[in-house]
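Note sheet for the following structure.
The values are calculated or read from the model by the stated rules, or taken from the named source; none is laboratory data. None of the values given here were measured: they were computed from a predicted structure. Here Cβ is always computed from backbone atoms with ideal geometry, including for glycine, and neighbour counts include all displayed protein chains. Heads up: the accessible areas ignore ligands, DNA and RNA and are worked out on the full protein's heavy atoms, side chains in. Shrake-Rupley method; radii C 1.70, N 1.55, O 1.52, S 1.80 Å.
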Amino acid sequence: MADILEIKNLNKQFGGVIATKDLNLSILEGELHAIIGPNGAGKTTLISQIFGQIFPDSGQIFFQDTNVTKVSEYKKSRLGINRTFQITSVMKSLTVSENIQLATDTTRENSFNFFKASNNQYTFFKKIDFCLRQVGLIEAINQPVASLSHGDCRKLEIAMALASDAQLLLLDEPMAGLGPTETKEMIALLKRLKGQQTILLIEHDMDAVFALADQISVLVSGEIIATGKPNTIRRDSEVQSAYLGGI
Amino acid sequence: MDYTLLLIQVLNGLQLGVLLFLVASGLTLIFGILDFVNLAHGSIYMLGAFICASLTYALDSYLFAVILSLPVIAIIGYAFEIFLARPLYARDHLDHVLGTFGAILVIDTIAHLIWGPAGIAIPLPNYLDGQITISENIEIPTFRLLIIVVGLTAAFGLLWLVNFTKLGMLIRAGASNRTMVAALGIDIRTLFAIVFAIGATLAGIAGMLIAPITEASLGMGNNIIITAFVVIIVGGIGSVKGAFVAALLIGLIDTLGRSFLDDLFKLFMSTGAAENSAPAISSMSIYLMMALILSFKPKGLFPPRLG
Amino acid sequence: MKKVLAAIIFCNFLISSVFAADIKVGFVTTLTTPAAVIGEDMKNAVNLALEHLNGKAGPHNIEVVFGDDGFAPDTGKQVTDRLLKQDKVDIISGYIWSHVLLASRKSVLDAGKILISSNAGPSQIASKLCHENFFSASWQNDQTPMAMGEVFNKDGIKSLYIMAPNYAAGKDMVAGIERTFKGQVVGKDLTKWGADAQLDFSAELAKAKVSGANGLFVFYPGAASGAFTKQYHQAGLKDLLPLYSVFTIDGISLPKLQAANFSGIVGSKVTQQWDPSLDNQANKRFVKDFKERFGKYPSFYAAQSYDTINMIASAVIAVDGDMSDLVGLRSALKSADYNSVRGKYSYGNNNFPIQNFYLREVVEDSDGNWTTEVIDTVLTNHQDPYAAECKLK
Amino acid sequence: MQFIRSFKFLILVSLLVLPIIFNQIGMSFYLDLATRLCILAIAAVGLNLILGYGGMISFGHAAYLGLGAYAVGIPAHHWLYGGLDFLATNNGFIHITIAIVISGLFAFLTGLICLKTKGVYFIMITMAFSQMAYYLFVSIEEYGSDDGLVINTRSQIPLINLDDPIQMFLVSFSSLIFFMWLVQLITKSNFGLILSGIKDNEARMVSLGYNVYLHKLIAFVFSGIICGFAGVLLGNFTTFISPEMIDWSRSGELMFMVILGGVATVMGPLFGAIVFVILEEVLSSITIYWHLPFGLLLIAVVLFFRGGLSSLLSK
C-alpha cells in the first residue's frame, strides 16, 4: 500500500512557542493511525496544518503524492481530506439530513443551483440514508440538530465526514465529552469504519486508541518521539517515561 | 501653504478628536467588554448637554453645573444598564440594535417634550469665553483649548485606569475573555454596571463640553453616534488605545478635509466644481478611510488580543 | 390585527368627515427635529390669524391641517400627498425649506390645487418652474441677500467671506449676495445641512479669519443660528471680521441668545422685508397679540404665516368659498388685497412679491427684551431677478 | 398549520383588495399607502435574503433603493432637459436594466471588501459605503444635490401606465409577490441551504469545502439587485428622489422591518413592512410625538416577542 499522506520536516512556531518541530509522518492508505500525546503537545495544531487552516513555517505535506503544504482548507476538502473538530462543529439550526446534504460533493458541486429545490434529489436520499445508518442516526433524520444529544452530534460529525467521500479523515478527539456508553458506541462505530477509510485519529482515551489503531505515533512538545504498532508503543520505554508513566 | 492656518486647523481637529474619543471610548468599553451594541450612547451625550444646560441656568454657573451633572449622568447610565441593556446581553447584536434604536426614539422625544425643540445655549463664564493668544497671529478660543485639555486628561486617565488598576485589569480581561473574569470570582454584573456608568459619564462629559459651542440640541447625539462607531471600528473594538488613535485621526481628517480640500481641488478642476464637490468628499473622507482600513485590517487598527 | 387597523383607519376617516369644515387649508412645516422651533412659531402665528378671523373667511369656516415635514424633502412630499389625498385640503401652504418645497411642488400642482409658500422661495420656482397656481407670501431667496449686498456697498465693505448651508436656499443666498455686492468674495464655505447638519464651524471660522476679508456674510436659519453666532463670538472675530447675516438672527434666536447673555450681537444688522416695528395697523395688532399670547416677539416666519392665512381668507371671500374656481382664486391672490403685516405690496408675473426690503438692527426694547428695529429702507418695490425668466405674463 | 396558512393568504388578499376598494370609495390615500408598503416590503424581502437567511447584517441597504430610484430619475432628467444623450430615456425597461446593473455592480464591488469583515465590522462597513453613496449624490449638483431630484416623467412600459395609481399599485403588488416567491425558491435550493449553513457555522462550511466568500458575495449581489428594483418602483411612485433616502436611518428602517416581521421567514418582511408603515401613518397622524410610542413598541418587541411577529403566528 502507498502512503496517502506524507509529512516532511514540518515546523511551526507561535510567537516563541514551538508547536511543531521537525515533524515527519507517513500514513498508509487504509490504516487507522492514532496520534497521542500530553495536553499541549501540538496535536490539534498538527491537524490544522494538515487541513490547511494554518500553514507551517517550513516543511512539506504531500497528499497522494501532491504537495499540498500551502493549499487552503476549502480546497483541501475538495481534494478529499476532511476533518472533525475537538469541539462539536455542526450546523445547529438545520436538520440532520440537511447537515449531511451540505457535506456531500453533490451539493458542493451544484452549489450555484439557485432555483432548483435542494430536498427532492434522489441521489441524496440514498447517501443520507447510507451515512446515517452507518453511524446509527437514521431515526433522527428529520430532527433539527439543536435537539440532538452531545453524543449524537459527534456521530453526526462522523456521518458528515463519511458523506464527503473523503479519502482521509482527520478525527480530532471524537470521544471528547462522551459518557461511558456513548464512548463504547463510538469505538464500535470507528471499528466499522476502519478499513473502509484512512483515518488519522487524535484521542486521549488510551483504551480506545489501543483498541482501534493500526499505527500509533507519540507527539511530545511538537516532536514525534515514537511511531509503531500498539504493542511496540506500549513497551517503548521512552514513551512510558515521557507520557505513559502514569498508567 | 499657510502654516498658521494649518496649525489652527490641527488644533481644531484635535478638539474634535478628543470629543469623539470621549464618546467613542465609552462605546468601545461597553461594546468590547459587555459585547453590547449601544446605539443610544449618543442620546446619553445629548442628555449630558441638556442636563448641564438646565443646571447652568439653575445654578448660574457652568462649572457647578458640570460637576453636578456628572453623577446625574452616571445614574442615568446605570439605570439604562439595568432596564434595557441587562436583559439584552444574552441576545445577538440585532436585538441590541433594534432595542437601543427604540431607546433613541424614546429619549429624543422625551427630551423634545422636556426642553422643547429650540435647543439651549449655555453661557460661559468670562474667563472661558475669550481667546488665548499663542503667538502673534495665532489665537484660539479659550474654551476650545479647555476641551482639548479636559479631553486629553480624560483620555490619559482612562488609559491609566485600564492599564494600571485592578478595575482596568478586569476590564481588559473582560474584553478578551468574559468567562475568565467570571472564573476569577468577580461579580460580573457589578463590573458591567460600573463599565456602563463610566461609559455613559464619558459621553455625558463630551455633551457638556460641546454644548457651550453648538448648544444642546435635539438629535445632536445621532450626529455623533455614527462617527463614534466609525472610530471604534477603525480603532478595533474594545481597545481604548485604538479608540484614541482613531478619534484623533478622524478628527484631523475631517477638519483638515473641510478646510483644505476645496483649495486642493481647485488645482485640477473648476472653482465651481471644487466648491461643490469638496464638502461632499470631505464628509465622505472618514468613511473612505474606514473602508480602506477595514479592507486591509478587517478587525481595525488595534484588534484586542484573544484568549 | 388587520381588521383592527382597518377599523382605526375607517374611524379616522369618519372623524375627519363628520367635523369637516367648509374650507380646509393644508399647512406644511417642521414640527420635529431641532428645526421645529421655526415650525412652532409658524403654527402659533397661523392659529393667531385664525383667531383674529374668528375661524372664518366671510361666512365660510376655515380649518387648518398641519403637516410635519421632518426637515427632509421626501418626508415633506409624503405629508403633502397625505394632506391632498387623505385630508382632502382645498389649498396647500407653509414650507420653510426650499428643498422641501421643490420636492412637494409637483404633487400639489398636479392635483390642480393652489400652492402658497409661507417662507421658501427657491430660484427655480421663480424662473423656469414658475406656475400660475403657485404664490409666494414671502420673498424670492435671492432678494434678502441682494439687499444686504447693497448695504455692503454703502458701508464700503470691499471683500467678503461667505458661509451658508449646502442646500437650495443656501446656494440662492450666495447667488443673491454676489448679484449686488460690488467687492470681492475671498472665500466661501457650504456646510452640511439637513437632519444631521454640521454645527461646529471651527474650521470654517479659522479660514475666514485668515482670509483677509472685511466682513463675514452668513445664512444659518433656525436652530443653527445660535450655534453659529456663539462660535463667531468665541472665535474673537467681532472686531476683526464684522458679521452680516440674513435669516439668522431673528425672533427665534434672539430670546435664546439673550438668555445666554450674548451681548455681542446687540447692534448687529440684518435685512428683511418685514420687522416687528413696521408701522401699520395689521402689524401692530399682530405683534401685540403675538407677544401677549406667546411671550416673545414673532419671527419673520410667523409674520409670513400670519399673512398666508389672511391672504387665503381674502381669496376665499372673493370666490365666495368656491374653491374649484381657480381663475377667481388666482386673480384674488394676485391682487394681494389684504392687510399684510409688511404693508402694501404687489405681485410680479412669477407670483413673487414686489416689496420693500429694510435694514434692521438688533436693539433692546423698553422691557429689556432683544428685538430688531428698522433703521433704513434698502430696496423699494423690489422685484426678484428671476421674474424675466418666467414664462407667465 | 391550516389556520396559519389561510391567515397568510387572507393578508395577501386583503393587501390586494382593500386598497382598491378604499380608492374606489374616494380614499385614494390608502392606495398610495399600500403602494409604498409593497415597495418597502420588496426591499425588506431583498434584505431578508442576506440578513435573515445569510446572517449578513447590512446597515446600508437604503443605498440600493436610492440607486434604483436615481436610475429612473437621471435618465428621465436628461430625457426632459437634455444632456448626456446616451443616457436620456424614459423607457422603463432601460431604467430597470440600469438599476439592476448599477445596484448589482455596487453590491459586487462593495461586497468584495465588506465580506472580508464579520459581525459588527460588517454592519459598519456596509453603512460606510451607503454613506459614501449618500455624499456622492449630495455632490452632484446636476441631479439636485441635497435638494433631491424631481422625476417629472414616469418610466414608460408597454401596456402599463404607471401614472395611474391603481396600475402603479398592481405593478408593485405583483412585483412583491414575484420576489417573495423568488426568494423562497432561492432559499429552498442548494444555494439557499448552503447560505443557511454559512449563517449557522461559517468555519464548518469552509472545512466542508465551500467557497464561503463567493457564496456570500452572490447572495449579497442578489439582495442588492432586488432592492435596486424596489428603488425603480419607489422612484416612479414618489416621482422624487433625494440623498436623504439613502441615509443610514433609512437603512435602519429597512432592517427593523425585517427584524420586526421575523428574520428568515417568507412573510416576515411583509409583516414588518405592514406594521411599520401603518404604525408610522397612524401614530404620526395622531401626534407629532409619535416616536415615543413607536420607540416603546420597538423595545417591547425586542424584550418580549423574540423572533418577530412571524413567531407570534407560528406559536
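Cβ separations smaller than 8 Å between residues 6+ apart or across chains give the following pairs from the range A:60-87 residues that are closer than 18 Å to residue A:10 by Cα and in contact (Cβ under 8 Å) with a residue 24 or more places away in the chain to residues that are aromatic (Phe, Trp, Tyr) and surrounded by 14 or more Cβ atoms within 10 Å (Cβ to Cβ): A:76/A:51; A:76/A:63. Open to solvent by less than 10 Å² (accessible area, probe 1.4 Å) and either touching a residue at least 12 places away in the same chain (Cβ under 8 Å) or under 15 Å from the mean Cα position of the chain (by Cα) (or both), is that true of residue C:111? Answer is no for this residue.
Given D:234, D:214, D:185, D:193, which one is without any contact (Cβ under 8 Å) to a residue 40 or more places away in the chain, facing another protein chain (nearest Cβ under 10 Å) and in contact with a Leu (Cβ under 7 Å, 6 or more places away or on another chain)? If you could, list the steps in order and put the result at the bottom.
Details: D:234 fails: without any contact (Cβ under 8 Å) to a residue 40 or more places away in the chain; D:214 fails: in contact with a Leu (Cβ under 7 Å, 6 or more places away or on another chain); D:185 fails: in contact with a Leu (Cβ under 7 Å, 6 or more places away or on another chain).
Selected residue: D:193, the only one of D:234, D:214, D:185, D:193 that is without any contact (Cβ under 8 Å) to a residue 40 or more places away in the chain, facing another protein chain (nearest Cβ under 10 Å) and in contact with a Leu (Cβ under 7 Å, 6 or more places away or on another chain).
Apart from one condition, residue D:114 fits all of (1) at pLDDT 90 or above; (2) under 17 Å from the mean Cα position of the chain (by Cα); (3) within 14 Å of chain B (Cβ to nearest Cβ); the exception is (2). When every residue of the range A:32-55 is checked against the conditions, at least one turns out to be open to solvent by 20 Å² or more (accessible area, probe 1.4 Å), within 26 Å of residue A:4 (Cβ to Cβ), without any contact (Cβ under 8 Å) to a residue 24 or more places away in the chain and touching a Ser or Thr at 6+ places or on another chain (Cβ under 8 Å).
If only residues of the range D:142-165 that are over 15 Å from residue D:241 (Cβ atoms) and not in a loop (DSSP other than H, G, I, E, B) are counted, the one that is most open to solvent (accessible area, probe 1.4 Å) is D:156.
The test for being assigned to a loop (DSSP other than H, G, I, E, B), within 11 Å of chain B (Cβ to nearest Cβ), farther than 16 Å from residue C:142 by Cα and open to solvent by 10 Å² or more (accessible area, probe 1.4 Å) does not hold for residue C:239.
Only one of the numbered conditions (1) within 30 Å of residue D:199 (Cβ to Cβ); (2) facing chain B (nearest Cβ under 9 Å); (3) part of a helix (DSSP H, G or I); (4) open to solvent by less than 20 Å² (accessible area, probe 1.4 Å) is not met by residue D:126, and that is (2). Check the range B:73-92 and report whether any residue there is over 23 Å from residue B:172 (Cβ atoms), within 11 Å of another protein chain (Cβ to nearest Cβ), of a type in the set (Phe, Trp, Tyr) and surrounded by fewer than 24 Cβ atoms within 10 Å (Cβ to Cβ). There is at least one residue in the range B:73-92 that is over 23 Å from residue B:172 (Cβ atoms), within 11 Å of another protein chain (Cβ to nearest Cβ), of a type in the set (Phe, Trp, Tyr) and surrounded by fewer than 24 Cβ atoms within 10 Å (Cβ to Cβ).
Matching residues to (1) modelled with pLDDT under 90; (2) small (Gly, Ala, Ser); (3) under 20 Å from residue C:314 (Cβ atoms):
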| position | (1), (2), (3) |
| --- | --- |
| C:338 | no, no, yes |
| C:341 | no, no, yes |
| C:366 | yes, yes, no |
| C:373 | no, no, no |
| C:379 | no, no, no |
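Would a scan of the range C:51-58 turn up a residue that is at the interface with another protein chain (Cβ under 9 Å from one of its Cβ atoms) and over 16 Å from residue D:285 (Cβ atoms)? No, that holds for no residue. Of all residues in the range C:21-45, those that are more than 14 Å from chain B (Cβ to nearest Cβ) and in a strand (DSSP E or B) have Cβ atoms under 7 Å from Cβ atoms of residues that are of a type in the set (Phe, Trp, Tyr) and surrounded by fewer than 24 Cβ atoms within 10 Å (Cβ to Cβ), 6 or more apart or on another chain, in C:27/C:66. Under the condition of being open to solvent by less than 20 Å² (accessible area, probe 1.4 Å), part of a helix (DSSP H, G or I) and modelled with pLDDT under 90, the residues counted in the range D:206-242 number 1. Identify the residue in the range D:88-111 that is without any contact (Cβ under 8 Å) to a residue 60 or more places away in the chain and more than 19 Å from the chain's Cα centre (by Cα) and, among all such residues, is nearest to the other protein chains (Cβ to nearest Cβ). Checked the range D:88-111; the qualifying residue nearest to the other protein chains (Cβ to nearest Cβ) is D:109. Evaluating residue C:261 against the criteria (1) at the interface with another protein chain (Cβ under 9 Å from one of its Cβ atoms); (2) in contact (Cβ under 8 Å) with a residue 24 or more places away in the chain leaves one unmet condition, (2). Taking the stated definitions as given, is residue B:148 facing chain C (nearest Cβ under 10 Å) and either open to solvent by 50 Å² or more (accessible area, probe 1.4 Å) or of a type in the set (Val, Ile, Thr) (or both)? No: the conditions fail for residue B:148. For the range A:114-122, the condition of being facing chain D (nearest Cβ under 7 Å), under 30 Å from residue A:45 (Cα atoms) and among the hydroxyl-bearing types (Ser, Thr, Tyr) holds for none of the residues. The number of residues in the range C:257-266 that are more than 16 Å from residue C:234 (Cβ to Cβ) and assigned to a helix (DSSP H, G or I) comes to 2.
Considering only residues in the range A:102-113 that are open to solvent by less than 10 Å² (accessible area, probe 1.4 Å) and within 7 Å of another protein chain (Cβ to nearest Cβ), the one that is nearest to the chain's Cα centre (by Cα) turns out to be A:103.
One residue stands out among those in the range C:123-138 that are hydrophobic (A, V, I, L, M, F, W, C) and not in a helix (DSSP H, G or I): the one that is surrounded by the most Cβ atoms within 10 Å (Cβ to Cβ), which is C:137. Restricting attention to the range D:255-312, the residues being in a loop (DSSP other than H, G, I, E, B) and open to solvent by 30 Å² or more (accessible area, probe 1.4 Å) number 11.
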